[in-house]
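The values are calculated or read from the model by the stated rules, or taken from the named source; none is laboratory data. Note that this is a predicted model, so its numbers are computed, not measured. Positions of Cβ are generated from backbone atoms using ideal geometry, with glycine treated the same way; all protein chains shown enter the neighbour counts.
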Amino acid sequence: MTNSFETGGSERQFALTAQNLSSERFQVSLGCIRRLGPFGSALGDVPEFWLGGSLYGWTSIRTRLRLARLLRARRIDIAHAFDFYTNLTLIPAARMARVPVVIGSQRQLGDLLTPRQFRAQAAAFRWCDGVVCNSQAAADRLAGEGLCQDKLFIIGNALPTKAFAPASESVTRKPGCLRVGMVARMNAHYKNHAGFLRIASRIHQQAPDVVHDAGAAQESSDGQCGPLRGLR
């Protein structure tokens, strides 16, 4: 279960995992909180479990109950939540439905969550049989909060081989020129584009042959792309 199918690393990992699980070994049932974004186009009509804009309101409680009924009806054996909002939605619903194996996910360090959100998610993780972390740093953060090490499984992000197919160069290589790039969502301030600009400026003062480029995985509406497009 994922929050949405919008452009992002976790969303892409969810879509790729769903598409590449062996149909001979697994009968996959998907779910989401909002059926939004391009990564869902190849997954069909994925059931939506809208929380009503709050994790703690009556709508979200009714949604968890509805989700628990669906898990029981489909006799789900493994329930896997993929991000923050689904950790707090699917994990309790799966426990209510007595799903045999419940898995949560920590796909960031947790520094983007408020203290209240981080504590709520850590509490939900204690109900899990395992928590997938996509980095050692993410696992260490949970271990530091007291989560049992035996529950933490580090599985890095991955892409299929076809994602690395040969492609024509968009920028011509120049001898003696070192090029440093940043590819990130441009509508998310936590990607720290401003930090990239500051560092690029300092490096350029000391090493003029180093060229910095930034590319947008998703455009912003606040003009952040402007200064990044002009960075050369």
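Structure summary
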{"item": "Residue match in region 63-75 (condition: in contact with an Asp or Glu (Cβ under 6 Å, 6 or more places away or on another chain) and not hydroxyl-bearing (Ser, Thr, Tyr))", "result": "no"}
{"item": "Among the residues listed as VAL132, VAL171, the single one being of a type outside the set (Ser, Thr, Tyr) and not assigned by TED's automatic domain parsing to the domain that holds CYS32", "result": "VAL171"}
{"item": "Residue among ARG179, ARG173, ARG95, ARG116 that alone is out of contact with any helix residue (DSSP H, G or I) (no Cβ under 9 Å at 6 or more places or on another chain), farther than 25 Å from ALA15 by Cβ and part of a helix (DSSP H, G or I)", "result": "ARG116"}
{"item": "Residue match in region 67-77 (condition: closer than 28 Å to GLY156 by Cβ, at pLDDT 95 or above and part of a strand (DSSP E or B))", "result": "no"}
{"item": "Residue in region 73-82 that is surrounded by 13 or more Cβ atoms within 10 Å (Cβ to Cβ), over 19 Å from GLY130 (Cβ atoms) and either assigned by TED's automatic domain parsing to the domain that holds GLN117 or among the β-branched types (Val, Ile, Thr) (or both) present", "result": "no"}
{"item": "Single match in ILE91, ILE78 (criterion: under 22 Å from ARG119 (Cβ atoms) and touching a residue at least 12 places away in the same chain (Cβ under 8 Å))", "result": "ILE91"}
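To keep it simple, each residue is scored yes or no on (1) modelled with pLDDT of 90 or more; (2) hydrophobic (A, V, I, L, M, F, W, C); (3) in contact with a strand residue (DSSP E or B) (Cβ under 8 Å, 6 or more places away or on another chain); (4) surrounded by 15 or more Cβ atoms within 10 Å (Cβ to Cβ).
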{"site": "GLN136", "(1), (2), (3), (4)": "yes, no, yes, no"}
{"site": "LYS151", "(1), (2), (3), (4)": "yes, no, yes, yes"}
{"site": "GLY156", "(1), (2), (3), (4)": "no, no, no, no"}
{"site": "PRO166", "(1), (2), (3), (4)": "no, no, no, no"}
{"site": "VAL171", "(1), (2), (3), (4)": "no, yes, yes, no"}
{"site": "ARG185", "(1), (2), (3), (4)": "no, no, yes, yes"}
{"site": "HIS189", "(1), (2), (3), (4)": "no, no, no, no"}
{"site": "ASP209", "(1), (2), (3), (4)": "no, no, yes, no"}
